[in-house]
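The values are calculated or read from the model by the stated rules, or taken from the named source; none is laboratory data. Computed from a prediction, not measured in an experiment: that's the story for all the values here. With ideal geometry, Cβ positions are generated from the backbone for all residues, glycine too; neighbour counts draw on all protein chains shown. For the accessible areas, the whole protein counts, side chains as well, though only heavy atoms, and no ligand, DNA or RNA atoms are used. Shrake-Rupley method; radii C 1.70, N 1.55, O 1.52, S 1.80 Å.
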Amino acid sequence: MTLSIVAALPLWAVVTGEQLSRMLESLERNLLTPIPLCFVLGIVCTRIHGGIKIPKELYLSIAIFLLMSIGFVGGHELAHEYQMHGVSTIWKPALATLFLGCLTPLTSFVVLRYIGGMSIADSAGIAAHYGSTSAVTYAVANSFVEQTNHPANSFLPTLVTILECPGIAIALVLGAGLSSRERAAKATPERRHVRESKLYEALYEVITGQSIMLMAGLLVIGFISTMFMDDQAFQPFYEFFQSKGMLFRGALCIFLLEMGLVAGERLGDLVKVGPFLVAFGILMPLVHGFLGAYFGHAAGLNLGGCTVLAAIVASASYIAAPPAVRLTLPEANPTYSITAALAITFPFNIALGIPIYYEMAKWLGAT
Amino acid sequence: MTLSIVAALPLWAVVTGEQLSRMLESLERNLLTPIPLCFVLGIVCTRIHGGIKIPKELYLSIAIFLLMSIGFVGGHELAHEYQMHGVSTIWKPALATLFLGCLTPLTSFVVLRYIGGMSIADSAGIAAHYGSTSAVTYAVANSFVEQTNHPANSFLPTLVTILECPGIAIALVLGAGLSSRERAAKATPERRHVRESKLYEALYEVITGQSIMLMAGLLVIGFISTMFMDDQAFQPFYEFFQSKGMLFRGALCIFLLEMGLVAGERLGDLVKVGPFLVAFGILMPLVHGFLGAYFGHAAGLNLGGCTVLAAIVASASYIAAPPAVRLTLPEANPTYSITAALAITFPFNIALGIPIYYEMAKWLGAT
Amino acid sequence: MTLSIVAALPLWAVVTGEQLSRMLESLERNLLTPIPLCFVLGIVCTRIHGGIKIPKELYLSIAIFLLMSIGFVGGHELAHEYQMHGVSTIWKPALATLFLGCLTPLTSFVVLRYIGGMSIADSAGIAAHYGSTSAVTYAVANSFVEQTNHPANSFLPTLVTILECPGIAIALVLGAGLSSRERAAKATPERRHVRESKLYEALYEVITGQSIMLMAGLLVIGFISTMFMDDQAFQPFYEFFQSKGMLFRGALCIFLLEMGLVAGERLGDLVKVGPFLVAFGILMPLVHGFLGAYFGHAAGLNLGGCTVLAAIVASASYIAAPPAVRLTLPEANPTYSITAALAITFPFNIALGIPIYYEMAKWLGAT
Amino acid sequence: MHLYPLKLVTIVGETVIMEDIADEGLKLGATGYTLSEVIGEGSRSARTVASTIGAKTMKLEFVVPMHVAEAILTHVSHEYFEHYACIAWLADVQVVRGQQYIK
Amino acid sequence: MHLYPLKLVTIVGETVIMEDIADEGLKLGATGYTLSEVIGEGSRSARTVASTIGAKTMKLEFVVPMHVAEAILTHVSHEYFEHYACIAWLADVQVVRGQQYIK
Amino acid sequence: MHLYPLKLVTIVGETVIMEDIADEGLKLGATGYTLSEVIGEGSRSARTVASTIGAKTMKLEFVVPMHVAEAILTHVSHEYFEHYACIAWLADVQVVRGQQYIK
Ligand SMILES: Nc1ncnc2c1ncn2[C@@H]1O[C@H](COP(=O)(O)O)[C@@H](O)[C@H]1O
Ligand SMILES: Nc1ncnc2c1ncn2[C@@H]1O[C@H](COP(=O)(O)O)[C@@H](O)[C@H]1O
Ligand SMILES: Nc1ncnc2c1ncn2[C@@H]1O[C@H](COP(=O)(O)O)[C@@H](O)[C@H]1O
Ligand code: NA
Ligand code: NA
Ligand code: NA
């Protein structure tokens, strides 16, 4: 972990002149577009106690649509990739992603527990969030690289799917294991049993959760239909789901408006979580993002691909992780993890992180 | 009823060689597309206790959109047909459909009561479901024939609207009449009166129910606007509602995902309903489908039209029928009717039925 | 006030021959299109106790989408206007709109209180509705003028935003002020204090309400993104929100269906509100519409622009106004204001008002 | 604060009958009712994950004097208990300005 | 299992005032509240099929000691009963670890 | 009209645990339950305007005999009161054909 921080340092030393101005420009191009502006509108609205209320069902429906889209388009692109190259181009990035999915909950846990001095439950709980990924961050990163004319490799949605579960699972097992050892003395056997069954339940729910089922399911569906349908019949489905299309982009705007409303509310909790967690919510993604770009580049991803992989590795889950953590590690304070993931890391990634990962990837030599 | 089974028999005798392989191919073309695959995803998800949850409001909104689409496009096509041929091409298929709408609840009731030995209330309740139709089966059948390049006659949506009510009404009246005669001895006059008023209420609710109001209403609206608006102004409305468009296809995917989730749950009830009802849920649609194709052909429908008419006659309602039956025939066990309609007949039609009806129509000489 | 009625009178005297037949024709072109027909379907459905039920969340989602669309497209057009002409073409219409927004609650109040003899609370409550505007009436008027090939000036959505608040605020302050003076004798100081705090609360909620936040927010977002994004990246967002597009038109159809369902229910209350309010609900919009067309023309709007401004000035709010009035003027009977706004003025504007305002604008010389 | 003792009648049952019961309650003497959507599981009704088509459940409450409570419960028990999934109970409540809920 | 006797205050009324009443209840001494959407019909409020724009109704519950219950009911009765559609009642409940709901 | 005295157990708490508690209640002897979505504020839970991601709350009711009520409340109090936001209370009710809710 400390190693990777050291590895990241040089990057900051060399950020100068031209690069900085290019970053500012790409920042502007990234920020002054409807998607992040809707997020800002949401925050502003909450802070001035404005009246925007997105019905829960609209939010959930958009989430379903976005996950299905990412999966379907991913399956479609995967089929093309597979038809052209077999699995030769994919297996390395897939392995790298799996590795990153196992590494990031551990780096997060170590930093939180040993540098931040947080409790086992809190450390593991937050690590579960940072070990998983945020599909919306993926979508925003993806449209960023498309706007810079460096579209990511076609199989990136597949990598999002791979990154979804392992991090949460590892952090939960770690947290439950360590804290049960701590409690061992006082807990009755019966209560330990209850705890364990909740852990299995939560793990199973993570693995078969909505995000995974929809993304992986539609990935398979997109793959199969691309293989077997003729183009004309496939067209309307592709138009409906495609991530450059008006529905996806428009849905993202509304989704980010709601995310802004929620994040705005959480801003008040920044004081409660303290300066360490604020720093963690910004620096940990930078480290993870660097690792993502580094291993993505090593596995052969292009510039867009490295950027997007960095963004999803750096992102923190706020949909799948919270209920799983709440059920398994009830002593963990949900305010910490949700505020960090949603009010710090998410806006940081959307606004500044993605252009930074892009520069990182460039600096690493990705093209 | 037995007559029609006899009439259907020869069909099976001649299914050989080339026809079978053609059916397998069309099956593949039918099944390996997003719409049925989403249904399968829903079933798989429920069986493994996965986490997909479609908000009720999204489901209802999609249902509203689909019904409006079917009506609007139907009205638009009807206007074209009317402008070209007057009512000359339409009245025969319309009459045939009405006849089938009155026949199918009776065939169903007779089979259930006298072959299956089910109670009056259960027989009538299930007959109400099979006498009506499923708009989603229509939509899937319609996209099937479009994919085979044999689009159905333009006025098929009008026939769906005609088929919606009569079957339910006839079955409810039959069931209420017969079972009240049975109960006559023990029932007090006051209770008989309550029963009757519930029957009228249910009948009225069927006739003015959401499905009918939306389909018939939008049919009229589509008809009028086609007549009076110029093409350019009409265009955006047509794009929104059109059944080949991305919205309709995409909405169908999400709808079938939810149908799969519900059907998956009902699969557990297959044991409860017993082998007779499972057989009924497969064979009755085949018989009704054959009748649909036969009378459709006789009334002059084309190949696609016969197929779609067969599919909607063969389909069973699971939206309009259940509450009407529950209110009028409370002794009927809803598990029987909903499981048969939703977990047997619906998937059977989607997966196998439609290609079979297509072959039937072909075999009958439709082109 | 009486002055403006006098000013409107000549208009009626000159409606003859050719003009009338042209109005009938434009009426037909306006009425026999899906949007008003969906409204009629909703009314018919309610009156015959039909079963159409639009989920509340779908209605709210569509409202959000429509407001965002109006704002976004407005911002986009404003940016173009601004790039070409600076603020030179806009400031006059903006001032005229602001003036009308302050005038209409006063004209309404005076008519209701002194001609209609209604209570202070009721007069102010209804005036709050008529002082604000209905975004859906805007949308319908806008598509009307587009269909007549006289599209409104590009900055009309900006004027809708300006018209949203002042009318409600003025009427509430007026009503609260006058009725508190009346009550002064009997009210305890503590209760007066409660009343005042509710007034401030309600005013703040009007100014930061959902309609304003979404319209003004997206106006800014549309403006900024038009300025800073390149066309290709902007395209999908524009397609999603654009008011001539299929999503906007289709969403309007569903929205008007629900409006029809609600208005149909309120029709029964027409008897309760009495003939004066029915007349008010038709004549007040004609007066306000004339004022809108007049000042719009004076401020340099084109024919479409005058028509649309007249329509929005003539329209009455039924989303933002009701809760604000309920909270501030609890003695006001909500049946009066909502029935007038929703069951009289809204359908009158949709069906007859808009073509009349179009003729008014033409008669005033707008081109 | 003057409170008046009345009865709170609560009925939970399948959606298809609940609006009818609400209307019948008004006819039997209630001055109003409160209805809400719930998720229920009982001897005859099962909770279903996908609640879109599966049996839905509603909860209905009446604040009424004792004789109206009895009339409602008797009616519901006779007309609906046999064939529909439902449960009904009675509780004591003290109602603000309670006399106005007696017709 | 130690249970502590407290009062359950239930208020059903039009949505526009219910969040205010919830906040006022907290100020009058309640430690929390539970709010839910319902459909209601009463002497001043009518059930409307299309509930999107029509008057909506909410139900609000407080678990509180008697003196807070009285304060809340008195407040609601004075401030809201005259002009708004609402009903309020009181019931006896036994609360788990009930002391923590007394401020 | 024969009514049978039973207990109404009400538990309000964060959504993540409520389905589990419902199932555990059935195991402890309840014959059914009624669950609904609410909005809640308490000492450990805050009402959030944007309820999409924030902590959500549910209300759960069991109609049960006294010994089952005690078992459920003891269980909930031991397993959930420490770390989760929840409240639980008991009330007396008279249930129509109440014997059938005793297993
Ligand atoms: N013991 C119980 N406690 C609370 N609610 C119950 C109970 N039994 C049944 N219910 C409710 O009443 C509905 C119908 O019950 P049943 O007729 O037993 O299927 C269920 O869906 C539950 O919502
Ligand atoms: N007798 C009653 N029983 C149950 N709920 C009632 C009763 N009367 C009124 N309500 C509720 O209280 C709300 C306001 O009642 P009201 O002020 O009578 O219009 C209604 O919408 C109902 O939800
Ligand atoms: N005094 C109270 N009265 C009514 N409901 C309460 C009360 N306190 C807590 N609740 C409910 O119980 C939930 C959990 O409370 P708590 O554990 O205090 O945060 C809250 O979200 C409320 O819905
Ligand atoms: Na991550
Ligand atoms: Na049928
Ligand atoms: Na106005």
Tilt relative to chain B, helix B:270-298 - C-alpha long axis, 0 to 90 degrees, to 10:
50 degrees
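Hey, any idea what % of chain B's accessible area is carbon plus sulfur with a 1.4 Å probe?
Result for chain B: 66 percent of the exposed heavy-atom area is carbon or sulfur.
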Degrees, to the nearest 10: C:303-314 long Cα axis against longest axis of chain C:
20 degrees
For the pair D:Phe81 and D:His67, the simple spin-label estimate (label points 7 Å beyond Cα toward Cβ) gives in nm 2.3 nm
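Rg/Rh for the range C:68-178: what does it come to with C-alpha atoms and Rh from Kirkwood?
Using only Cα positions, Rg/Rh for the range C:68-178 is 1.07.
Roughly how crowded by other chains is peptide C:232-238, in terms of the mean Cβ count from those chains within 10 Å of each of its Cβ atoms? Before the final figure, lay out each step's value.
On the way: counts 2, 9, 2, 3, 12, 8, 4.
Neighbouring Cβ atoms belonging to other protein chains average 6 per residue here.
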Under a 1.4 Å probe, what is the accessible area of the range A:27-169 per residue, stated in Å²?
31 Å²
Residue-averaged 222 nm ellipticity for the protein assembly as shown, from DSSP H runs of 4+ at -39500 (n - 2.57), nearest 500:
-21500 deg cm²/dmol
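Report the accessible surface area buried between chains C and B, summing both sides, using a 1.4 Å probe on protein heavy atoms only, in Å² rounded to the nearest 100. Display every interim value, and only then the final one.
Details: alone 16230 and 16220 Å², together 30050 Å².
Buried: approximately 2400 Å² between B and C.
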Quickly work out the B:Met84-to-B:Ser21 label distance, labels modelled 7 Å from Cα along the C-beta direction, and quote it in nm with one decimal.
3.6 nm
What is the Cα coordinate range of the range F:3-96 on the first, second and third principal axes, sorted by size from largest, in whole angstrom?
43, 26, 21
Under the convention of a label 7 Å out along Cα→Cβ, give the distances in nm from C:Glu196 to the same position in every other copy, shortest first.
6.7, 6.7
Mean separation of Cα contacts under 8 Å (at least 6 apart) over the residue count of the range C:272-367, i.e. the relative contact order in percent, is 43 percent
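With respect to the cross-link table entries A:Lys56/C:Lys53; E:Lys103/F:Lys59; A:Lys272/B:Lys56; A:Lys272/C:Lys56, which display a Cα-Cα separation exceeding 30 Å?
The pairs that break the limit, which is 30 Å between Cα atoms, are A:Lys272/B:Lys56; A:Lys272/C:Lys56.
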Multiply the residue gap between B:Lys272 and B:Glu201 by 0.36 nm, knock off their C-alpha separation, and tell me the result in nm, one decimal place.
22.5 nm
From Cα pairs below 8 angstrom and at least 6 apart in sequence, can you work out the relative contact order of chain F, rounded to a whole percent?
51 percent
Cβ-vector label at 7 Å, B:Ala94, separations to other copies in nm
5.7, 5.7
Going by the alpha-carbon gyration tensor, a ≥ b ≥ c the square roots of its eigenvalues, is the range C:314-356 rounded (a/c under 1.5) or, if a/c is not under 1.5, prolate (a/b greater than b/c) versus oblate?
prolate
Please report which chain B residue places its beta carbon nearest the axis carrying chain B onto chain A, with the distance rounded to a whole angstrom.
B:Glu57, 2
Any idea what log10 I(q)/I(0) is at q = 0.14, 0.17 Å⁻¹ for the range A:108-246, Debye with uniform C-alpha scatterers and no solvent?
-0.80, -1.00
What percent of all Cα-Cα pairs in the range A:74-132 falls in each 10 Å bin, counting up from 0?
23, 31, 20, 17, 9, 0
How much FRET efficiency would the formula 1/(1 + (r/R0)^6) give for C:Arg181 and C:Val110, where r is the Cβ-Cβ distance and R0 is 25 Å, rounded to 0.05?
0.90
Before I look further, what does chain D give for accessible area per residue, probe 1.4 Å, in whole square angstrom?
38 Å²
For the protein assembly as shown, what number results from the quotient of the Cα radius of gyration and 2.2 N^0.38 Å?
0.93
List the distances, in nm to one decimal, from the label point of C:Leu20 to the label points of the same position in every other copy, shortest first, placing each label point 7 Å from Cα along the Cα-to-Cβ direction.
7.8, 7.8
Could you work out the per residue convex hull volume over the alpha carbons of chain A, in cubic angstrom?
143 Å³
Quick check: pseudo-label points 7 Å beyond the Cα along Cα→Cβ at B:Trp363 and E:Lys27, how many nm apart are they?
7.9 nm
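If you take the square roots of the eigenvalues of the alpha-carbon gyration tensor of the range B:241-311 and sort them as a ≥ b ≥ c, do you get rounded (a/c under 1.5), prolate (a/b over b/c) or oblate?
Cα axes put the range B:241-311 in the oblate bin.
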Can you list the trypsin sites (Lys or Arg not before Pro) in the range C:216-290 that are in a DSSP coil and have 16 or fewer other beta carbons within 10 angstrom?
C:Lys244
To test your reading of the geometry: what angle, between 0 and 90 degrees and rounded to tens, separates the Cα axis of helix F:15-27 from the longest principal axis of chain F?
20 degrees
Test of understanding: in a Gaussian network model of chain C with alpha carbons linked when under 10 Å, which of C:Gly353, C:Gly42, C:Gly268 would top the mean-square fluctuation ranking?
C:Gly268
Compute from the Cα atoms of the range A:32-73 the Rg and the Dmax, the latter being the longest Cα-Cα distance, and quote both in angstrom.
13.1, 39
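Starting from the Cα gyration tensor of the range B:53-102, take the square roots of the eigenvalues, sort them a ≥ b ≥ c, and report rounded, prolate or oblate (rounded when a/c is under 1.5, otherwise prolate if a/b is larger than b/c, else oblate).
Oblate shape, in that a/c is at least 1.5 and b/c is the bigger or equal ratio.
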